[in-house]
1. Give, in nm to one decimal, the length gained when the segment between Glu243 and Arg164 is fully stretched (0.36 nm per residue of separation minus the Cα-Cα distance).
2. Separation between the Glu3 and Phe229 pseudo-spin-labels, each 7 Å from Cα along Cα→Cβ, expressed in nm?
3. Suppose every K and R has +1 on its Cβ and every D and E has -1 on its Cβ; what is the size of the dipole of the range 222-283 about the Cα centre, in Debye to the nearest 20?
4. Under 1.5 on a/c is rounded, so check that first for the range 222-283, then, if it is not, pick prolate when a/b is larger than b/c and oblate when it is not; a ≥ b ≥ c are the square roots of the alpha carbon gyration tensor eigenvalues.
5. Once the other residues with Cβ under 11 Å from the Cβ of Leu186 are scored (Lys, Arg +1; Asp, Glu -1), what is the net sum?
6. For helix 263-272, report the angle its Cα long axis makes with the longest principal axis of the Cα atoms of the chain; keep it between 0 and 90° and round to the nearest 10°.
7. Pull up the DSSP beta bridges for the chain and report the antiparallel fraction as a percent, rounded to 5.
8. At a Förster radius of 25 Å, what calculated FRET efficiency corresponds to the Cβ-Cβ distance of Asp80 and Leu114, to the nearest 0.05?
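None of the figures in this text is laboratory data; all of them are computed from the coordinates on show. Keep in mind the model is a prediction, meaning the values are calculated, not measured. Counting neighbours? That spans all protein chains shown, and the Cβs are built from the backbone with ideal geometry, glycine included.
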Amino acid sequence: MIEVQGLTKQYRSVRAVDDLSFEVKPGKVTGFLGPNGAGKSTTMRMIVGLDEPTAGSALIHGTPYSKLKNPLRTIGCLLDAKAVHPNRSAAAHLKWMAQSNGIATSRVKEVLELVGLSDVAKKKAGGFSLGMGQRLGLASALLGDPEILILDEPVNGLDPEGIRWVRSLVRALAAEGRSVLISSHLLSEMALTADHLVVIGRGKLIADQPTYEFVKEHSASNVLVRTDFVPEFSQALENENVEFTSTHDEEGREQLLIRDQTTDYVGNLAYSVGVPLTELTLKRASLEDAFMDLTSDSVQYHAEALPGEDSDAS
């Protein structure tokens, strides 16, 4: 388990991480989310002793990373897939890591097979594509068969098959009782991968809760209604004090978006007032919607809204 308590990192006038506390528990994939500049990478670096905290602590099974004996056996990390000597082969890179941590070199062949790099094991890492580099980074993280994994943007550069493979891998590892902390900007993928979310903004903790609860609490679901009797049904909704908005689809047809209601309720209301519906669809909230809504005030760099785009969506 990873325990972060009051973790703080100050760079001159910039506080990159501010009194951050959370846990990464066994048996779960914990997603670590935040806008660019939120402090995710700095936090991960402090957990594994690459950066010294200004205050607070980060413990691995109750012990600082620097005091772990043969740390790769306890915690595997992928923080920078490019941190490989370009003239060293994939196999040689993993071999020296194994030897320095008391890991049998036979493990090198196993992890190369696991990540799909057996055919390029003797090729220089400097010639690897971005996706191949990510796979080598994952092999490095898995080398010691660790109880804990920290993965920073592990699917960056991978094709759809590779992304799906990483998702299946980390979920299988968590199912074995391991602790997995994973960051990614692919929110749709995190929605499928993470059991629990830790969300930060400008170095501060924003949310620490199960993924389902996070989405449910921080975004709303809408019911989409199409009918040839929009005025009549709009009046029925107003009579029931139900919140809704009128929009138009791509073909210019008017439709209603009804907030925080179920399709059962809306369908029964339409039946009770004699209004036939041509469509009744639940538009489920997404992790992206919840994330954007919750972190909008913590984004460091805002892009200008595109023509015709709602400025609030940036």
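1. Working it through step by step, the gained length comes to 24.6 nm.
2. The answer from the label model is 6.4 nm.
3. Magnitude of the dipole: close to 100 debye.
4. Cα axes put the range 222-283 in the rounded bin.
5. -2
6. So the helix axis and the longest Cα principal axis differ by about 10 degrees.
7. Given both bridge residues lie in the chain, the antiparallel proportion sits at roughly 65 percent.
8. 0.75
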